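Q: Before I ask anything, let me first share the structure, which is written out below as structure tokens.
What follows is calculated from the coordinates using simple rules that are stated; it is not laboratory data. Predicted model only: the values in this text are computed from it and were never measured. Neighbour counts are summed over all protein chains in view; Cβ atoms, including those assigned to glycine, are modelled from backbone coordinates with ideal geometry.
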Amino acid sequence: MTDRQKQILCAVVEQYAEVASPVGSSLLAKVFGVSSATIRTEMVELERLGFITQPHTSAGRVPTDKGYRFYVNYLNETQQESTEGRRAERALTARVHGGGMPDRTIRNAVDTLVELTSNLGMATIGDQLYMSGLSNLFGQPEFMQGSQVQQVARLLDNLEPWLHEAAPNEPLNVFIGKENPIGRNAGCSLIISRFRSPYSDHSYIGVLGPTRQSYRDVMSLVSHAGQALEGALYE
């Protein structure tokens with residue numbers, strides 16, 4: 001993939017996250033200062049490679065799971081962070097510290113993630129999975145169809161036992177779309193951070209949302225939530 005194709009793919013991911021509609025060549029032509037024909041040529045190649053796809057009813061493109069995975073890996077390599085993301089991290093830290101008992105501190109962190117990401121938030125507290133923000137998740141335009149809602153519900157029903165069994169061991173874990181071991185057709189991304197708590201050395205906090213989301217800010221926030229919780233719980 002060329003550098004320009006990488007930039008176009010990243011732009012498609014970010015624009016689609018913002019507007020929730022397929023991204024057309026005319027919009028990207030303005031962003032990159034080239035002709036629409038040039039953008040269309042690059043998009044055809046990105047589609048051939050499997051990074052974007054064209055919905056039947058639109059001339060624009062949307063990212064595929066493969067495209068999102070490339071984007072997430074790119075973020076991990078470049079470690080990009082926005083000014084808005086740093087402000088959100090400070091807000092999360094303020095809510096977590098001074099939260100009182102460990103369970104209340106963890107709940108505060110989850111509730112703050114819900115507010116800041118508009119996703120469903122979750123965390124393990126002992127042997128229980130605390131979740132908040134279900135209305136956020138089902139309020140997303142992706143989940144207006146009953147069949148997809150059933151897939152999301154299946155994922156949520158099995159999430160707690162899966163976390164106990166799989167125990168993802170990376171500090172930050174991102175499961176995109178069909179990468180999820182359950183609810184593979186739910187069109188969701190699970191972003192979770194492992195942290196140490198009085199309940200377990202393998203506690204988790206994170207969010208579940210549509211594959212269409214602002215990964216840069218959400219990944220940074222979830223990672224920060226895990227770090228902030230450890231700091232607050234052991235200060």
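Q: For the chain, what mean projected area does the convex hull of the alpha carbons give, in nm²?
A: One quarter of the hull surface, i.e. the mean projection, equals 12.8 nm².
Q: Could the peptides 86-93, 216-223 be put in order, highest first, of the mean number of other beta-carbon atoms found within 10 Å of their residues?
A: Packing proxy ranking, top to bottom: 216-223, 86-93.
Q: Could you identify which residue out of 211, 53, 41 has the top mean-square fluctuation in a GNM of the chain using Cα springs shorter than 10 Å?
A: Judging by the Gaussian network model, the answer is 41.
Q: Same structure again: Quickly work out the residue 164-to-residue 111 label distance, labels modelled 7 Å from Cα along the C-beta direction, and quote it in nm with one decimal.
A: In this crude spin-label approximation the distance works out to 2.7 nm.
Q: Something else: Would you kindly give the portion of the calculated P(r) for the range 3-78 that falls above 13 Å, as a percent of all Cα pairs?
A: Above the 13 Å cut-off, the range 3-78 has 62 percent of its Cα pairs.
Q: Let me ask something additional. Relative to the first principal axis of the alpha-carbon coordinates of the chain, what is the inclination of helix 83-96, with its axis defined by its Cα atoms, in degrees from 0 to 90 and to the nearest 10?
A: Roughly 20 degrees, rounded to the nearest 10.
Q: What does the highest-first list of 139-145, 118-124 look like by mean Cβ count within 10 Å?
A: 118-124, 139-145
Q: When the chain is modelled as a GNM with alpha-carbon springs shorter than 10 Å, which of 62, 31, 152 fluctuates the most?
A: 31
Q: What residue among 117, 78, 64 shows peak mean-square fluctuation when the chain is described by a Gaussian network model with Cα springs under 10 Å?
A: 78
Q: Which order results if 170, 14 are arranged by neighbouring Cβ count within 10 Å, fewest first?
A: Listed from fewest to most nearby Cβ atoms, that is 170, 14.
Q: Report, to the nearest 10°, how far helix 146-166 tilts away from the longest principal axis of the Cα atoms in the chain, using its own Cα long axis and a range of 0 to 90°.
A: Between helix and principal axis, roughly 50 degrees.
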